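**Q** Quick one: the structure is below, and I'll ask about it shortly.
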Amino acid sequence: NDVKSQLDTLKMQGYNVIELFAPYEGPGDIWCGLGATNNYAIDPAIGTMDDFTDLINEVHSKGMKVTMFANLGYSRDTAPFFFEACDAERTNATNIPSRYWYQFSATDPQAGLPVDDPSREWFYSSRAEKYYRAAWNRKEVPSYNFNNQQWRDECVKYLQFWMDKGLDGIALD
C-alpha cells in the first residue's frame, strides 16, 4: 500500500516500471530475503496476495509496468520444503519431489576441508544425515539442483504462478 500511494509521484518523475524485490516469504536476514521459505506466498511483512494483485492492477491503471526480482538458485535452510527434502533423503522416500530439488551426498565431497573454510560448499544436515550443497558458501542457503528435471519443472511452475498474478516480467538471480 505504501508503493500504491506513491504511484502518481513516481509516474510524474518519469518512472515507468516498478520492481518488487523478493516479495515471497523468506527471512530478510540474508540478501534481503532472496532465500525463500515459501515460493508461493507473499511475505506477510509486506501485505497479502490481494495487496499484491491490487498493486499490480493499480500500476497497470497508471500505464506503468511491474516486475519482480526473484531467486531460483537457493532457498533458506528453514524452508518447510527443505526439511521435507531432508526427511525424504534420510528415509530414501522416492515419491517426494522436493527431495530432488537439492543435492545430497552420503560422504563429504570436500573431506579434509575445515568446516569453517570460506570455500566450503557442502554442509552436514543432521536431519538428512547427509551433506547438502549450499550457495555462496553459506549453510543457511541450500542450493537448488538444476541438474534435476523435477527442480526445473518446479521452476516453470513457480514462474508461471507469479506471471499469472499479472506481472510484466521477472528478473532472476
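The values are calculated or read from the model by the stated rules, or taken from the named source; none is laboratory data. What you see is a predicted model, and the numbers here were worked out from it, not measured in a lab. Virtual Cβ from ideal backbone geometry, glycine too; neighbours counted across all protein chains shown. Note: accessible area is taken over every heavy atom of the protein model, side chains too, but ligands, DNA and RNA are not part of it. Shrake-Rupley method; radii C 1.70, N 1.55, O 1.52, S 1.80 Å.
**Q** Report the one residue of SER126, VAL141, GLY47 whose Cα lies farthest in the direction of the positive end of the charge dipole of the range 15-173 (charges on C-beta: Lys and Arg +1, Asp and Glu -1; origin at the Cα centre).
**A** Toward the positive end, the furthest listed residue is SER126.
**Q** If you don't mind, another one. So, in Å, what gap is there between the alpha-carbon centers of the range 1-52 and the range 60-121?
**A** Going from one Cα centre to the other spans 23 Å.
**Q** Additional query: So if I place +1 on the C-beta of Lys and Arg and -1 on the C-beta of Asp and Glu, and nothing else carries charge, what would the dipole magnitude of the chain be about its Cα centre? I want it in debye, nearest 20. Spell out each step's value before the answer.
**A** Details: 16 positive and 25 negative charges, 71 e Å.
So the magnitude is around 340 debye.
**Q** Based on the mean of other beta carbon atoms within 10 Å per residue, what is the order of 46-54, 123-131, 69-77, most packed first? The partial results should precede the final answer.
**A** Working: 46-54: 14.8, 123-131: 16.7, 69-77: 20.8.
Order by mean packing, descending: 69-77, 123-131, 46-54.
**Q** Taking a threshold of 18 Å on the Cα-Cα distance, which of the pairs LYS65/LYS157; LYS65/LYS165; LYS4/LYS62 fall above it? Can you show the working numbers first?
**A** On the way: LYS65/LYS157 22 Å; LYS65/LYS165 13 Å; LYS4/LYS62 11 Å.
Pairs exceeding the cut-off: LYS65/LYS157.
**Q** Hey, what angle do you get for helix 80-91 against the long axis of the chain, alpha-carbon based, 0 to 90 degrees rounded to 10?
**A** The helix 80-91 is inclined about 20 degrees to the chain.
**Q** Report the extension gain between ALA45 and PHE69 in nm, rounded to one decimal, defined as 0.36 nm multiplied by the number of residues separating them, less their alpha carbon distance.
**A** Working: separation 24, 0.36 × 24 = 8.64 nm, distance 1.69 nm.
Additional length available on full extension: 6.9 nm.
**Q** Relative to the present Cα-Cα distance, how much length would full extension add between GLN149 and ILE170 at 0.36 nm per residue of separation?
**A** Numbers: separation 21, 0.36 × 21 = 7.56 nm, distance 2.12 nm.
Length gained between GLN149 and ILE170: 5.4 nm.
**Q** Amide H neighbours of ASN38 under 5 Å, counting only residues 5+ apart in sequence or on other chains, H built in-plane at 1.01 Å?
**A** Here the answer is GLU25, since their amide H atoms fall under 5 Å of that of ASN38.
**Q** Next question, about the same structure. Run the accessible area of the chain with a 1.4 Å probe and give the carbon-and-sulfur part as a rounded percent. List each step's numbers first, then the result.
**A** Details: 4570 of 9160 Å².
Result for the chain: 50 percent of the exposed heavy-atom area is carbon or sulfur.
**Q** Still on this structure, I have one more. Excluding ligands, DNA and RNA, what is the solvent-accessible area per residue of the chain at a probe of 1.4 Å, expressed in Å²? Intermediate values should be presented prior to the final figure.
**A** Numbers: 9160 Å² over 173 residues.
For the chain, the per-residue accessible area is 53 Å².
**Q** Using the Karplus curve 6.51 cos²θ - 1.76 cosθ + 1.60 with θ = phi - 60°, what ³J(HN,Hα) values do you get for each residue of the range 150-155, in whole Hz, with x for Gly and Pro?
**A** 3J(HN,Hα) across the range 150-155, in whole Hz: 4, 5, 4, 5, 5, 4.
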